[in-house]
Amino acid sequence: MDRCIVLVDAGYLLGAAASLLAGEPSRSRITVDHTALIQGLRERAESDTQQPLLRIYWFDGAPDRVPQPEHRRLRVMPRVTVRLGALTRSDGRWAQKGVDAAMHAELTELARNRACSDVVLVTGDGDLLPGMMAAKEHGVAVHLWAVQAADGDYNQSEDLVAEADERRVLDRTWITKAVRAKDYTGACAPQPAPRPEIAAILSAPLPESALGAATDRPAPQPRHPVAGPGQNGTEERMSAAKGVPTPKDLAALRAPGTQPAQHPASATLRWSSDKGWVDRPTAEPPEAASMPTLAQLTTAEQRWADREEDITTVGGDPFEVGQVFARRWVERLGDQNHLQKLSGMYPRIPHRVDGELLRYAARFGLLAHKDDQIDERDRYAIRAGFWREISVRTGVEHPPLDD
């Protein structure tokens, strides 16, 4: 058959791309436009082989072989077939199991059945050498593609490179058409304009309860240099001796120049999923406990439409995920009084809504490979996106969430 097939080892392709663009092979450090990536692979394969494409096989690992959001998006694309191996954890690191064997079996079966005249392999693993040799014996031309190595050296098996009929390198220019490194150097949310009222809140005296608690815990160490007023729009922070206020501290303060608001002891305000020095109260305030969740507001038809949108259009960026969740929640909220109450709770998100938000975000592969928790920076970005959408809907501007 005069047509070509592409076999992609996603672990190699995206891991090597992460090394090239972000300096480390963790796929959590990059954002992938899968539509653009698949289109780029198709065009490059048809150009190099001079044959029409039959199919792209995408081989990847997944926990318990359960398709992740990116796999669900990929497998509904034209001419794409997803094959999943297992993703196991050993010594704190994740490793693919069964992916190489699946690629070997597919390669040899396609060659034996003369399903194509050319096969493009995007991989670096030498375990595929026997499969490559078998394909050549059946008269199939084997094209081996490499991702440009970060150090300029090879990131493929030398034997695999030597056995291939044709070799190509996917360079940085080609990779960046569909893959980019995540930027963790700045704030998770878009940089806001200077807000003097925020500086006034941060410089106001803390409630006595917060001051007492601050003396019992070590002062936090900032992860980024703190700029003064006018430097990149960053507001002046409190002095180190005073401590950086927590969401609980900010919620306990009124407008600048007024006395701290009095809250009952049970009104502990903090991120519901954080494990910190503040104990969770036995019950939330009534206005927070009565806040409906997105699941309660969503019909079966809407749930189906949400799933389709998640698969086809939601990219999985943490800030975007928070915005999408908030948009759906607001649009389906019948009683708008809940929206006003929520806006008044800033920066705290009610426990039930916040937990549902983080569970929704976890579906987009935002779980860090450490204790199966969402990365701290991603959590701030998710909530920043949530509050940005709430601000747009209510017209009430909130201070930015800093990490």
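The values are calculated or read from the model by the stated rules, or taken from the named source; none is laboratory data. Note that this is a predicted model, so its numbers are computed, not measured. Backbone-built Cβ (ideal geometry, glycine too); neighbour counts: all protein chains shown.
Below are the figures for this structure:
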| item | result |
| --- | --- |
| Selection from segment 12-71 of residues that are over 21 Å from LYS97 (Cα atoms), β-branched (Val, Ile, Thr) and buried (at least 19 other Cβ atoms within 10 Å of the Cβ) | ILE30, VAL32, ILE38, THR49 |
| Residues located in segment 74-105, provided they are touching a Ser or Thr at 6+ places or on another chain (Cβ under 9 Å), buried (at least 16 other Cβ atoms within 10 Å of the Cβ) and not aliphatic (A, V, I, L, M) | GLN96, ASP100 |
| Answer residue from segment 163-184, given it is touching a Leu at 6+ places or on another chain (Cβ under 8 Å) and β-branched (Val, Ile, Thr) and is nearest to VAL32 (Cα to Cα) among those | VAL179 |
| Segment 159-180, subset more than 19 Å from LEU41 (Cα to Cα) and in contact (Cβ under 8 Å) with a residue 24 or more places away in the chain, residue nearest to the chain's Cα centre (by Cα) | LEU160 |
| When residues of segment 88-109 are limited to those that are assigned to a loop (DSSP other than H, G, I, E, B) and not charged (D, E, K, R), the one modelled with the lowest pLDDT | GLY92 |
| Unique residue being modelled with pLDDT under 90, surrounded by 17 or more Cβ atoms within 10 Å (Cβ to Cβ) and either touching a helix residue (DSSP H, G or I) at 6+ places or on another chain (Cβ under 8 Å) or closer than 30 Å to TYR346 by Cβ (or both) when the list is ALA219, ALA141, ALA135, ALA189 | ALA189 |
